[in-house]
4 protein chains.
Amino acid sequence: MASNSFGEIFRYTTFGESHGPEIGCVIDGVPPGIKLTPEDIQHDLNKRKPGSSKFVTQRKEKDIVRISSGVFEGKTTGTPIALLIKNEDQKSKDYQDIKDIYRPSHADYTYQEKYGIRDYRGGGRSSARETAMRVAAGAVAKKVLSKIIGKKIEIIGSVIQLGMHKIDKKKWNKNNINKNHFFCGDKTSVPIWENYLTDIRKKGLSCGAIIEIIAKNVPIGLGDPIYQKLDANIASALMSINAVKGVEIGDGFSVVDFTGETNADEIRIDKNKNVKFLSNHAGGILGGISSGQDIISRFVVKPTSSILHARKTITKNKKETNIITKGRHDPCVGIRAVPVGEAMIAIVLADHALQHIAITRNLKNER
Amino acid sequence: MASNSFGEIFRYTTFGESHGPEIGCVIDGVPPGIKLTPEDIQHDLNKRKPGSSKFVTQRKEKDIVRISSGVFEGKTTGTPIALLIKNEDQKSKDYQDIKDIYRPSHADYTYQEKYGIRDYRGGGRSSARETAMRVAAGAVAKKVLSKIIGKKIEIIGSVIQLGMHKIDKKKWNKNNINKNHFFCGDKTSVPIWENYLTDIRKKGLSCGAIIEIIAKNVPIGLGDPIYQKLDANIASALMSINAVKGVEIGDGFSVVDFTGETNADEIRIDKNKNVKFLSNHAGGILGGISSGQDIISRFVVKPTSSILHARKTITKNKKETNIITKGRHDPCVGIRAVPVGEAMIAIVLADHALQHIAITRNLKNER
Amino acid sequence: MASNSFGEIFRYTTFGESHGPEIGCVIDGVPPGIKLTPEDIQHDLNKRKPGSSKFVTQRKEKDIVRISSGVFEGKTTGTPIALLIKNEDQKSKDYQDIKDIYRPSHADYTYQEKYGIRDYRGGGRSSARETAMRVAAGAVAKKVLSKIIGKKIEIIGSVIQLGMHKIDKKKWNKNNINKNHFFCGDKTSVPIWENYLTDIRKKGLSCGAIIEIIAKNVPIGLGDPIYQKLDANIASALMSINAVKGVEIGDGFSVVDFTGETNADEIRIDKNKNVKFLSNHAGGILGGISSGQDIISRFVVKPTSSILHARKTITKNKKETNIITKGRHDPCVGIRAVPVGEAMIAIVLADHALQHIAITRNLKNER
Amino acid sequence: MASNSFGEIFRYTTFGESHGPEIGCVIDGVPPGIKLTPEDIQHDLNKRKPGSSKFVTQRKEKDIVRISSGVFEGKTTGTPIALLIKNEDQKSKDYQDIKDIYRPSHADYTYQEKYGIRDYRGGGRSSARETAMRVAAGAVAKKVLSKIIGKKIEIIGSVIQLGMHKIDKKKWNKNNINKNHFFCGDKTSVPIWENYLTDIRKKGLSCGAIIEIIAKNVPIGLGDPIYQKLDANIASALMSINAVKGVEIGDGFSVVDFTGETNADEIRIDKNKNVKFLSNHAGGILGGISSGQDIISRFVVKPTSSILHARKTITKNKKETNIITKGRHDPCVGIRAVPVGEAMIAIVLADHALQHIAITRNLKNER
């Protein structure tokens, strides 16, 4: 239930359809006294904004956020923060032809079957437009994190595979990520991806992507066994993003042919007398709790389902037909999923940081 | 918060440590009037029970479940169902030597850092022993499902990769699964896996596994966008199982190099005028809602961290040392994870079936 | 946590401050296919609207509601319904003089102490303005109720005591309620109350009120023991309304000097072979579950704390001072609490109706 | 949903029926490192225990609590604490004659109608026996409170009215409370109550009671507007206790004929420069947040419904009949409700204290 909300203490609720007047979210559980301006949020929204290059949808949305409540004289007050973004560039007529036809691999069929009614314009509620509010909530989560944790948590998302093209991990550098249209950390991959995606786009096709999110400087102790494990919450957070079909933590599926010996993250004490792990196969989470290492997660985004090639499908009245999905679409929705993934990780971490404080604060000295 | 509970309407809470007097769970939200006997639950528990072959831990636990409440004259009453299992074969002395040493890749370090105290005996709360209660709750979930859904939902789990050895998918047959010690659906893989795991065990090592769960006959419409999507809940459910590092739905990570064309599950009408998909790349979930196709999920279990080879680690007092983890361990915990995975899928489906009824029941006729 | 949300399946979240640009709410869990127009909601909002008579605050707010999402072509779609109301008649300057002074019996002091910051304009988040969104959500709840329950549930709120003046219960008639400024069901009390409240208002004073809410035609079986009992949820719902200090169910506090004999609601079978209770001391709830009788609840609203008489108080800097609270205030906030109380009862009933369906639907035939 | 659980961070779940093998609860969200022994809990359980005087039920239950999990070497570990109490003195045969007859003012009828099945023995789940687990959870909550709040919170419950007999408030002294069978703070009322209740009991009747709970030394700032206000949570907590029909905070219903002037709790600065209220009409809560004053709440318990006088009722098959409820019953269940009410207040306060820490901890210095 409460299926449009996410989080326990830091908890946000989104609303709005692709072609309604606006989209919005309400964030509950933000501590008071945190400086928050629209610009703090706009910065992240601009990373996700449509129309920013020829490799993403040409829908024109400024995605200007407005803070409606919860901030007074530039600071959070502990009351719910509502954020609103107007929808500006809806072209509802584009969708008249899909009113009664189910686009394969879209949510049209299941929404119609579940609810008996759907707002078909732009996918309605199932549109990736909803992810703008995740990015907005994530920007607030980052402010919360930097406030309640002394050292700055860094959350770095990048595409590590576009279609069949993997990056060369040795050449990955976080400084490259924002210098190309693909959030790609390996600059040698950029021209290859450009050619590849240009070709895909011209052909009216689409491709998938794998995104990796690294969170640095996460304190030890975040995560609540058994069912609110940090990794379980990350899995839920990332899998809830549109078009995601898989989630990994640390070495993920590749651990299957490791042994307990090769998979062990051995531990030493460094010269500053700090705990030091010799590897990070676990992705920074042990028993559902952060270990102080980098939190590493990955997710795969399927190729955009809207393509310019005819696919077999049926109408609402159960007649066979074909469909070509026109309109403005991302040839690879995985690219714009990068800031969304970063936001979801920020939200999970902020929520667990608050939960951790609740349980451990005053007892710390007694240990 | 409420980190030891899972589910919204069908909601269970587990308690108990590996070496405490018992483990248990309380299940809320079970509809009344469902026949339920201890045998219904015991059947599933026996699949997970330790000591059943040389390929799993030699800890001897009968795992006999007792129904303490919520059932009257053989039927559920709508009140909470408490299930209890005594711990019988604890050997706490086995663990004295790990009292002050953190086993690498275990939860020892993070529990100690988070809570400042831990029950180190057998891993305490972080022990996979907790999963017995998941299996017990899952057995109840299956009873709920068969009651509220006309046709029988079938949930079939099997190991599809053990260490580096994948099954031959063409030879997979569900009837093979319970005829070997590995829940393996491909009988040609069984002797290979036997040799492999015997070798691993003799060497005092361990290996990982990939488990696939197929749920058949799931009705259309289960799942609640946006944050309680069926796949997001499955991801959370499976990732919360001990030692799991990755989760996939449908074709999972392999969709990355598909195109929108090859990834589309085209739709037709069959001769009985039913909707028929021509493929199932999506794993039976579109927009977070079940499509009526098989729900297909997979998860990877890391190699057991307890091995007979020395690994570098530290003590509670931050001194460097080495550790060999003796005691009774599974050479591949992934095997016994099969009934646990099945149980989690049953629980997610039962919960969503109840949620779906809440939202749609009386409106159905009006569509 | 999630302290700005109420309900489990039918769950709404409010946001907005008295002097922000707007107030709003997001309602999750509304079944699809229900006809819903702004007029459905406006009707109830107009009952609560300020400025409607000389006996309520003179703040001028049209309180025009806008449906932002979740409704398509006039029907609910199962996605979250966002409702927005602009704030129009803020006079922030009225509040400059209370910026640094705590008004006694207001939330100024506790908000400042809890959060270290507060939006003092009009009481900010603690303003009764938030209750407009309760009324809006309640209007939607009523639509849900009439859809999922065959017979029409009637929810009738009225003031039964204004200051020291009680109504004559024998003269109470629901048809009188909307014919006076006090939601008074006893027309003989109306002139008495007019004189009394006019006097109170002229003196710059205020008074309290007791409101009774009767819900008719509620089906048997709503409510979930133990902690989501119908009466426990009603108590929480009503006590959460601004200025409420007490809640009763059925005969409430007066049962203290009953005996088990005089308090028993005896049961008979009427000539139509229906179950018939001979009295309703219990207020329609037994063991936390509705019995099919009228659900009767009452709550008391304290006198408005904002008065034109000087009261001793302190400043934010802990200096002693006096305060006279100017601005536009209701001489008896209890009057406008009537539609708010009705809304809260509608919300609790709608939520429990959905919960009840989830648990009992398909099992009904087997009983 | 989750109707057998209460609380957000400090969250407990109860299970068990009156005549099952045991009752129990699982408490989640208890901070680690708190000393906890069975004796800590037993002390409070003994206050509620049946059979302690002729004025309460003669059912003989030792109510010995066993800690099953969550405590290691005498301290809490942050994992769920399960508590179990065996049922010993069940006399199921007492209940054979009510198997098919609904006792008026009991939950028999509504449980049967809601669930289609009920464990009629001793009222099954609706028995006040469940409140033993509230008292047990409350004892743990008190330990949490004393740990996380420097100064000791004192929670004092007492009966202030028994049937028609009110105490003389001026003679109330907390030291009297545990010196009589009625938890009465006014020793001049004790002999009156003894005579009265002896008479009631001999007549096979029962009476109601009003209980007042005062919580002292509660820090400022507990409570979360809007829907998790401290008073709303208290109302829910108290109203969920069996047989409660009304709840008040502070001056409660009597504020109806106050004015804003007489109801104002004026504020001064005392000689130690602390904030001092000149009265406490509000009962220590303003805007849903604790003000630092005593938290004062009251609730009314209806007369025990089980009496030795025939009452008209019906059978399960809808035939008219009469019933005399034999068995062992409290002539005034309100008496044993005192420790239950204290426990619920402790639980609400502990939960809010943890929530408050989550939101405000690290920001405090910046204010």
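For every residue, the table says whether it meets (1) crowded, with 21+ Cβ neighbours inside 10 Å; (2) small (G, A, S); (3) at pLDDT 95 or above.
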{"site": "A:V247", "(1), (2), (3)": "yes, no, yes"}
{"site": "A:K276", "(1), (2), (3)": "no, no, yes"}
{"site": "A:I285", "(1), (2), (3)": "yes, no, yes"}
{"site": "A:S291", "(1), (2), (3)": "yes, yes, yes"}
{"site": "A:D294", "(1), (2), (3)": "no, no, yes"}
- [ ] Answer with yes or no whether C:K326 is charged (D, E, K, R), away from chain B (no Cβ under 14 Å) and more than 25 Å from C:T131 (Cα to Cα).
- [x] no
TODO: Return a yes/no flag: does segment B:312-328 have any residue that is hydroxyl-bearing (S, T, Y), crowded, with 16+ Cβ neighbours inside 10 Å and under 22 Å from A:A310 (Cβ atoms).
DONE: no
Open item on the list: For segment B:281-297, give me each residue that is part of a loop (DSSP other than H, G, I, E, B) and not polar (S, T, N, Q).
Closed with: B:H281, B:A282, B:G283, B:G284, B:G287, B:G288, B:G292, B:D294
Task: Residue identified as within 18 Å of B:H356 (Cα to Cα), in contact with a strand residue (DSSP E or B) (Cβ under 8 Å, 6 or more places away or on another chain) and not β-branched (V, I, T) among B:G223, B:G208, B:G246 - done: B:G223
Open item on the list: Out of everything in segment B:201-236 that is in contact with a Pro (Cβ under 6 Å, 6 or more places away or on another chain) and within 7 Å of chain A (Cβ to nearest Cβ), what residue ends up being farthest from B:G327 (Cα to Cα)?
Closed with: B:G208
TODO: Kindly list the number of the only condition in (1) of a type outside the set (G, A, S); (2) closer than 17 Å to D:G292 by Cα; (3) buried (at least 24 other Cβ atoms within 10 Å of the Cβ) that fails for D:L238.
DONE: (2)
TODO: Can you give me the number of residues within segment C:59-114 that are in a helix (DSSP H, G or I), buried (at least 24 other Cβ atoms within 10 Å of the Cβ) and of a type outside the set (D, E, K, R)?
DONE: 3
Open item on the list: Suppose the filter is touching an Asp or Glu at 6+ places or on another chain (Cβ under 6 Å), farther than 26 Å from D:S18 by Cα and β-branched (V, I, T); does D:I192 pass it?
Closed with: no
Task: Tally of residues being more than 10 Å from C:A209 (Cβ to Cβ) and outside any strand (DSSP E or B) across segment C:159-172 - done: 7
Task: Test: B:L363 is at pLDDT 95 or above and closer than 25 Å to B:G223 by Cβ - done: no
Task: Among the candidates D:I160, D:I155, residue that is away from chain C (no Cβ under 14 Å), modelled with pLDDT of 95 or more and in contact with a strand residue (DSSP E or B) (Cβ under 7 Å, 6 or more places away or on another chain) - done: D:I155
Task: Residue list for segment A:60-102, restricted to those being within 20 Å of the chain's Cα centre (by Cα) and not hydrophobic (A, V, I, L, M, F, W, C) - done: A:E61, A:K62, A:D63
Task: Identity of the residue in segment C:14-47, closer than 18 Å to C:T77 by Cβ and within 7 Å of another protein chain (Cβ to nearest Cβ), that ends up surrounded by the most Cβ atoms within 10 Å (Cβ to Cβ) - done: C:V26
Open item on the list: Going by what's in this entry, would C:K47 be described as at pLDDT below 95 and assigned to a loop (DSSP other than H, G, I, E, B)?
Closed with: no
TODO: Looking only at segment B:298-311, count how many residues are surrounded by 21 or more Cβ atoms within 10 Å (Cβ to Cβ) and in a loop (DSSP other than H, G, I, E, B).
DONE: 6
- [ ] Name every residue in segment C:115-152 that is touching a Gly at 6+ places or on another chain (Cβ under 6 Å) and either more than 11 Å from chain D (Cβ to nearest Cβ) or among the small types (G, A, S) (or both), in order of residue number.
- [x] C:G116, C:S126
- [ ] Give the residue, chosen from A:G208, A:G185, A:G223, A:G138, that is crowded, with 24+ Cβ neighbours inside 10 Å, touching a His at 6+ places or on another chain (Cβ under 7 Å) and of a type in the set (G, A, S).
- [x] A:G223
Task: Residue in segment D:282-307 that is farthest from D:M344 (Cα to Cα), counting only those that are charged (D, E, K, R) and more than 7 Å from chain C (Cβ to nearest Cβ) - done: D:D294
- [ ] Run C:I357 past the list (1) in contact (Cβ under 8 Å) with a residue 24 or more places away in the chain; (2) part of a loop (DSSP other than H, G, I, E, B) and report the number of the one that doesn't hold.
- [x] (2)
TODO: Give the number of residues within segment C:243-278 that are free of Cβ contacts under 8 Å to residues at least 40 places away in the same chain, under 26 Å from the mean Cα position of the chain (by Cα) and either more than 7 Å from every other protein chain (Cβ to nearest Cβ) or in a strand (DSSP E or B) (or both).
DONE: 1
- [ ] Return the residue satisfying two criteria in turn: it lies in segment A:173-216 and is of a type in the set (F, W, Y) and in a loop (DSSP other than H, G, I, E, B), and of such residues it is nearest to A:H309 (Cα to Cα).
- [x] A:F182
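The values are calculated or read from the model by the stated rules, or taken from the named source; none is laboratory data. A quick note: this is a predicted structure, and the numbers were derived from the prediction, not measured. Don't worry about glycine lacking a Cβ; one is built from the backbone with ideal geometry, like all the others, and counts go over all protein chains shown.
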